[in-house]
1. If we scan the stretch B:69-82, do we find a residue that is of a type outside the set (A, V, I, L, M, F, W, C) and within 14 Å of chain A (Cβ to nearest Cβ)?
2. Tell me, which residue of the stretch A:265-285 that is polar (S, T, N, Q) and out of contact with any Pro (no Cβ under 6 Å at 6 or more places or on another chain) is farthest from the ligand (Cβ to nearest atom)?
3. Any idea which of B:D114, B:D161, B:D95 is more than 14 Å from chain A (Cβ to nearest Cβ) and on the phi > 0 side of the Ramachandran plot?
4. Enumerate the pairs (first residue in the stretch A:306-322 and part of a strand (DSSP E or B); second residue anywhere and near the ligand (Cβ under 9 Å from one of its atoms) and hydroxyl-bearing (S, T, Y)) with beta-carbon separation below 6 Å, excluding pairs fewer than 6 apart on the same chain, so at least 6 apart or on different chains.
5. For the subset of the stretch A:84-96 comprising residues that are more than 14 Å from B:D143 (Cβ to Cβ) and under 25 Å from the mean Cα position of the chain (by Cα), which member is surrounded by the fewest Cβ atoms within 10 Å (Cβ to Cβ)?
6. Can we say A:G9 is away from the ligand (no atom under 16 Å from the Cβ), away from chain B (no Cβ under 14 Å), in a helix (DSSP H, G or I) and buried (at least 17 other Cβ atoms within 10 Å of the Cβ)?
7. Quick check on the stretch A:522-541. Is at least one of its residues outside any helix (DSSP H, G or I), among the hydroxyl-bearing types (S, T, Y) and touching a strand residue (DSSP E or B) at 6+ places or on another chain (Cβ under 9 Å)?
8. Which condition breaks for B:T119 when tested against (1) out of contact with any Phe, Trp or Tyr (no Cβ under 6 Å at 6 or more places or on another chain); (2) open to solvent by less than 30 Å² (accessible area, probe 1.4 Å); (3) within 14 Å of chain A (Cβ to nearest Cβ)?
Amino acid sequence: MAEFLIKNGFVFDPILGIKGDVADIAIKDGKIVETSAVTKPKIIDAAGKTVMAGGVDIHAHVAGPKVNIGRNFRPEDKLFNCTPGHGIERMQGGFSVPTTIRTGYNYARMGYTTVMEAAMPPLYARHTHEEMRDTPILDQGAYPVFGNNWFVLEYLKNHEIENTAAYIAWLLRATKGYAVKVVNPGGTEAWAWGLNCDNVHDPVPYFDITPAQIIKGLIEANEYLGLPHSMHMHANNLGNPGNYTTTLDSFKLSEGIKPNSKFGRDQVMHHTHVQFHSYGGDSWANVESKAKEIMGYVNSHDNITIDMGQVTLDETTTMTADGPFEHHLTELNHLKWANADVELETGSGVVPYIYSPNIKVCAIQWCIGLELALLAKDPMRVFMTTDHPNAGPFIRYPRIMKWLMSQEAREQQIDAFKYKDKVIDATNLAGIDRELDLYEIAQMTRAGPAKSLGLAHMYGGLAPGLEADVAVFDFNPNESYVPDDIENAFSNARHLFKAGVQIISDHEIVSNGNKRTLWVNARVNENPQVMRDVKEKFLRYYTVTLNNYEVSGHYLPNPYVIEVDATQ
Amino acid sequence: METVTLTIKNQPGLFLEADSITPDAFAGKKAEEIVDLPVYVGRDEHRLGDFFEVSGRAGATPAETKIVVNGDLSRVKYIGMKMTGGEVVANGNADMYVGAWMQGGKITVNGNVDAFAGTGMKGGEILINGNAGNYLGAAYRGDWRGMAGGKIIVKGNAGSDLGTFMNGGEIIVGGDVDVHVATHAEGGKIVIKGNAKRRLGGQMVEGEIYVFGDIELMMPGFAYRKDVDIEVDGTKGLFALYEGDLGERHRKRKGQMIYGKLYQRIRA
Ligand SMILES: [Zn+2]
């Protein structure tokens, strides 16, 4: 494979501890190497430019059935933005729910090289893998959802951690999944009865188990297995005024549980899109930011990582396995609604949404997301996301960087809000003068999420031995700039390398890369009871047989298996 | 006002996507520049001059530009799309999307138009001297933001699904219409001087429909209120007023509940 030497760039890398010093980065055989290890490298002149590791997105909805429902029922999302094939680039379309091809290219343009699909319904894992397979360049993995799964509800009702763990291991293998995702634990199952679970003690109908039992049990089962990532959580009561107490109650369920993982993570719970879970007040009229309370907890408990779920003030498409929430949303905005029930496993809903700067609540949501990041004491545990496309499309990450790095940019946006004074009263943001630097941004977008995923041995940094995922941006941190320069530079990488292959050269996409699909093969002791339960449930309830369920080889033409030994 | 005349000389093998036939694209250009404007057949890009003889010259601005298109245009899509001013006269039948997303100016078609004429229209006027196809003045597929302003006049008949998600503006059909009129409408005015079939005002929450002739079947969500004496597009008469769609949510304005209004003329 070709050798490259990226010379004289301003390097920002939390793994090497380089904070903008000029350094050279060498690439050989797909990995970062010492500069002395390359013999005849192709020289990439990065003088006056910013060099970072490839970005790692810990939570985005980019592949699978609910993304495709979004595409199917929103043809207007593709209106006037389709582009024909050009050079090696294929035809692309879509804004908030782009085609798989555009998804891969647009992440690459932002310098991102690893993207995790945040919610895979196990029954539709094949569809999810087909879409990931068709997403070029990026390494990807998908999180199967467990929080409303009948097996899990039945095992955890009796606190059967070993059986839950054996089932998780089986399902990760069957679906080629990466991590344990929990969405509105118990609430989506309750939705099948037309109900919901509003707090961690609100019992699930029929199963007679509480969200708290599901959450704690899944954390314990995750640590029993020692999976690379922790349990990945979307708590109950998302998007409702006053929900921050539910969020804190959910956080507390992780207390006293120690991480058991050989993959270098320190957390036992990752809580996603926390912006949607940080609301005070008791109605939309008096909703207010509780980001201080939330971050007070996060900052003082190092067994938790979170991501933002930043509202970007765009027209977008919301989609989640939290079926009852999407019904609530369509009742609020009267726009079209799709709902699905996934047999024994989960459900989902999809609704378009317009986050308007002229609506007070949207502006408050915008402030809360930024507050979470700006109040973070440890940027290695607070990550940039938009819960794409729920709070906004991922292509806005460079705009979020601008807001996080520039108080001037935030003030411009606050001044543009129709209900500016009410928004300032309900939030903390106007009083925060912190401006993140590129090192902290690299922690929130690269090193931090890679560590939380248990992938610090591959991604998130520029140390020799790591994957050669490297981005070069037209940004000189030592020259004066206006806030928009940040957004422009980080939207359009000058060069990008993925596993040592040059993907972008002088802003042009020159390769579709060698995308890999990551999954976790956790080996456990033989568990005849769980295997009997699986067989029985397929016979009695599933509409497909076991033979038509498992995701087999050709769905993952380029798999990357992470082995975990949990036998005892 | 300067005039550009286009005469079709080669029919496309498939369909010609010609959203460049607008006063906005032509403004400030001479004939020899206009022939180089891009048009598409399938995925292939061509020149406008590959399909049309072009003569005359455009005005300095769209408002000062008139375009006359001659010949059989039944395989030409998007004539006058997104235009903001000036005038287009099509002497022949035209294909889909005539005047789609139009914002200003005037289009006259001396013939029939296929589906989606005036899709997402915001302003200006479209006069169709023949018949119109389906989805006249409707929203783009999937969108809930339909026709917002402007006026469409059809001398002949119109197809199904006219004024879907209409928010404003006016559609006047001289003849009959097919099923689905003003579905999901939140405003605007539709006048049907001939007969209508079924499903008028389904899920309509605001706006007006006037029918001079028969309605084959009234939606169950519409209730008779009273007879009213009114003048509609120059015709005075007694109309029966129905309100609906009662199955939908309805806004209040000044304490009054707002409904979609359907007026049917009562024959003397
Ligand atoms: Zn999500």
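The values are calculated or read from the model by the stated rules, or taken from the named source; none is laboratory data. Treat the numbers as computed from the prediction; the structure is a model and nothing was measured. Note that each Cβ is placed from the backbone with ideal geometry, even for glycine, and that neighbours are counted across all protein chains shown. When the accessible area is computed, the model is the full protein with side chains, heavy atoms only, and any ligands, DNA or RNA have been set aside. Shrake-Rupley method; radii C 1.70, N 1.55, O 1.52, S 1.80 Å.
1. yes
2. The selected residue is A:Q267.
3. B:D161
4. A:D307/A:T272; A:D307/A:T385
5. Taking the candidates together, the pick is A:G93.
6. When the stated conditions are applied, A:G9 does not pass them.
7. no
8. (1)
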